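The values are calculated or read from the model by the stated rules, or taken from the named source; none is laboratory data. Every value quoted in this text rests on a predicted model; they were computed, and no experiment measured them. Cβ placement follows ideal geometry from the backbone for every residue including glycine, while neighbour counts extend to all protein chains displayed. Calculation scope for accessible area: heavy atoms of the full protein, side chains included, ligands and nucleic acids excluded. Shrake-Rupley method; radii C 1.70, N 1.55, O 1.52, S 1.80 Å.
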Amino acid sequence: MGAPCPRTLHCLCDLSYERDAGVTSSRPNPIYVRVGEVGGNTLGFYGCQMSPDGSMIAAHAFHGALHLWCKDQNQEGQWRPGVVISGHFNAVQDLSWDPEGEFILSVGSDQTTRLFTPWRKQDDKQATWHEISRPQIHGYDMQCLAMVGRFQFVSGADEKVLRVFQAPRNFVENFANISGTSKEKLLTSSDAANLPEGASTPALGLSNKAVFQGDLAHKSNEGEFNSVSDQYQSESYFNPLIMTEPPPEDHLLQNTLWPEVQKLYGHGFEMFCLASDSSRALVASACKASKAEHAGVLLWSTTTWRQLQTLPCHTLTVTQMAFSPDAQLLLAVSRDRTWSLWRQNPPTAESPEPRFLLHAHTEKDTAVHSRIIWSCDWSPDSKYFVTSSRDKKVIVWGPCGSEDSGDAPLSPEIKPCSSILDVGDSATAVAFCPTLCSDNSFLLAVGLESGRILLYRWSPDLGSAGGNDWKHCGGTDISQSHALTVKRLRWRPRAGQAGRENEEDGASEGEREEEEEESSWVQLASASADHSVKIFNINKRAL
């Protein structure tokens, strides 16, 4: 086996085998096998290794990706790409589940947005998670994202622009093939008639351009030029592929981009955080800020993509935001150690668009947290919210009753409802589980700067005076924990384990116990500065 090719642009893994070690002129010609991709967004291989039986080749590339090629047993001399694991090669800053809980989108400082979903090999009972699409390959470090539909999301990076992406038809079809979901159902919900086939990024560009059927037809007829300008048209690298298994790295780079459908301008500095409401009608965004004039939260309509409102309150960067599950309240926490709560006014004939008013907030003299507040989240009933801070404190606030839900009117006095929980380290992420425990207590996950994730049950009925309202019920050990800071925690929006529902649709009566057991499981996704995304299966009955 030859040494890895030292070139760094459009590099191949070039291997040669010699049948005879002799030096005479009658020696048979060497057999050359060349694997890899030519062109695309690659910067070459750093090394490779062959399996002992000579049937597989593994290599690693500049962008941290693993590559695998397997010898085709049916065709002599043919090698085919194999399925491997993949992931970010720099800090993962944010992640989000899709509304149905079937896949995860994540963004990172490696300037990519990646989509992961479970995949089960034929005749294999256990599903494994794989990257099946790379919707965005950017020129800036990615910082945040928010889902605004089943196959639509908004992302923010170290730039002043927000970008909106819509899944192409080719992705929807391949997602259905890989996940086992009904293709017709997905295409119906995605308005397939107006979807482009895919997307490509023009040379020196940052925006993914939609590729339609007509563009593919034009590409197939290339070869004849009617004018000099025809020779320099923007080349479309996208090739529609029908996939039944996770794609290799070269396809992820070239054929799984999503077209950019909108740009949102309004912020003066780099984007920092995003949030969308449960109805997917609103998006809130915030950027880095050292003055109050730049620390305002901007609200956007997902129907028109117009800026609806600016919400000024904080004096430094808003670090995270969250809409309540009933979409009536918006919570923001900030580097200035305070939080603000905004209430939506009911639409009127004069003002049909939603308007938010400041309902409650803390100030420097009333703030309980003494350091930056990193994270926040809402309880599933929209009555309480939780904040976590660098001061190692986790606090639940409320109550926040909603008039629409029949609860008591919103009280302007929102105070800590829990005792102050000291987790022993900077609490960088926090999340409420969307389903309650068996005793109607709330399940919370807390991510730490050390990389650990802790689980607590909080019971509002026990009161906060004695500190008995918190119960530690688990956490990650050394092998399960992240190596660096936990940046984001997100519970799957529904009970059960992703990738198993499709298998149980036709369950018989004898399998009902298994279905009931499955409903006791919940899944927690975590993103970390150690470049990894982890998904934990948690059985609530065992807590």
Practice item. Taking residue 260 as the residue in question, decide whether it is touching a strand residue (DSSP E or B) at 6+ places or on another chain (Cβ under 7 Å), open to solvent by less than 60 Å² (accessible area, probe 1.4 Å) and of a type in the set (D, E, K, R). Key: yes
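Could you tell me whether region 101-110 includes any residue that is under 27 Å from the mean Cα position of the chain (by Cα) and not assigned by the TED database to the domain that holds residue 177?
no
Within region 420-471, how many residues turn out to be among the polar types (S, T, N, Q), at pLDDT below 95 and open to solvent by less than 30 Å² (accessible area, probe 1.4 Å)?
Looking only at that region, the number is 2.
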Exercise for review: Could you grab me the full set of residues in region 93-133 that are basic (Lys, Arg) and at pLDDT 95 or above?
Suggested key: 114
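Here's the yes/no breakdown for (1) under 30 Å from residue 268 (Cβ atoms); (2) hydrophobic (A, V, I, L, M, F, W, C); (3) surrounded by fewer than 20 Cβ atoms within 10 Å (Cβ to Cβ):
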{"residue": "132", "(1), (2), (3)": "no, yes, no"}
{"residue": "156", "(1), (2), (3)": "yes, no, no"}
{"residue": "162", "(1), (2), (3)": "yes, yes, no"}
{"residue": "187", "(1), (2), (3)": "no, yes, yes"}
Point to revise | Single condition residue 479 does not satisfy, out of (1) open to solvent by less than 70 Å² (accessible area, probe 1.4 Å); (2) in a loop (DSSP other than H, G, I, E, B); (3) at pLDDT 90 or above; (4) not hydrophobic (A, V, I, L, M, F, W, C) | key: (1)
Practice item. Return the total of residues in region 428-469 being in contact (Cβ under 8 Å) with a residue 24 or more places away in the chain and part of a helix (DSSP H, G or I). Key: 1
**Study point:** Subset of region 263-286 (residues that are over 19 Å from the mean Cα position of the chain (by Cα) and either in a strand (DSSP E or B) or farther than 28 Å from residue 347 by Cβ (or both))
**Key:** 263, 264, 265, 268, 269, 270
Exercise for review: Return yes when residue 143 is polar (S, T, N, Q), over 23 Å from residue 536 (Cβ atoms) and part of a loop (DSSP other than H, G, I, E, B) and no when it is not.
Suggested key: no
Check your understanding: Only one of (1) part of a strand (DSSP E or B); (2) closer than 25 Å to residue 163 by Cβ is not met by residue 129, so which one is it?
Key -> (2)
Check your understanding: Do we find that residue 222 is open to solvent by 60 Å² or more (accessible area, probe 1.4 Å) and either at pLDDT 75 or above or of a type in the set (Val, Ile, Thr) (or both) in this structure?
Key -> no
Practice item. With the condition kept exactly as written, say whether any residue in region 134-148 is open to solvent by 10 Å² or more (accessible area, probe 1.4 Å), farther than 22 Å from residue 485 by Cα, touching a residue at least 60 places away in the same chain (Cβ under 8 Å) and not β-branched (Val, Ile, Thr). Key: yes
**Study point:** Pairs where the first residue, in region 269-295, is farther than 21 Å from residue 105 by Cα and the second is of a type in the set (D, E, K, R) and open to solvent by less than 50 Å² (accessible area, probe 1.4 Å), C-beta under 8 Å, 6+ apart
**Key:** 295/336
**Study point:** Counted residues, region 339-359 - those being within 22 Å of residue 295 (Cβ to Cβ) and open to solvent by 10 Å² or more (accessible area, probe 1.4 Å)
**Key:** 8
Practice item. Could you pull out the residue among 328, 320, 309 that is over 21 Å from residue 427 (Cα atoms) and surrounded by 21 or more Cβ atoms within 10 Å (Cβ to Cβ)? Key: 328
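To keep it simple, each residue is scored yes or no on (1) at pLDDT 50 or above; (2) among the hydrophobic types (A, V, I, L, M, F, W, C); (3) open to solvent by 40 Å² or more (accessible area, probe 1.4 Å); (4) on the phi > 0 side of the Ramachandran plot.
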| site | (1), (2), (3), (4) |
| --- | --- |
| 20 | no, no, yes, no |
| 24 | no, no, yes, no |
| 31 | yes, yes, yes, no |
| 44 | yes, no, no, yes |
| 56 | yes, yes, yes, no |
| 59 | yes, yes, no, no |
| 69 | yes, yes, no, no |
| 78 | yes, no, yes, no |
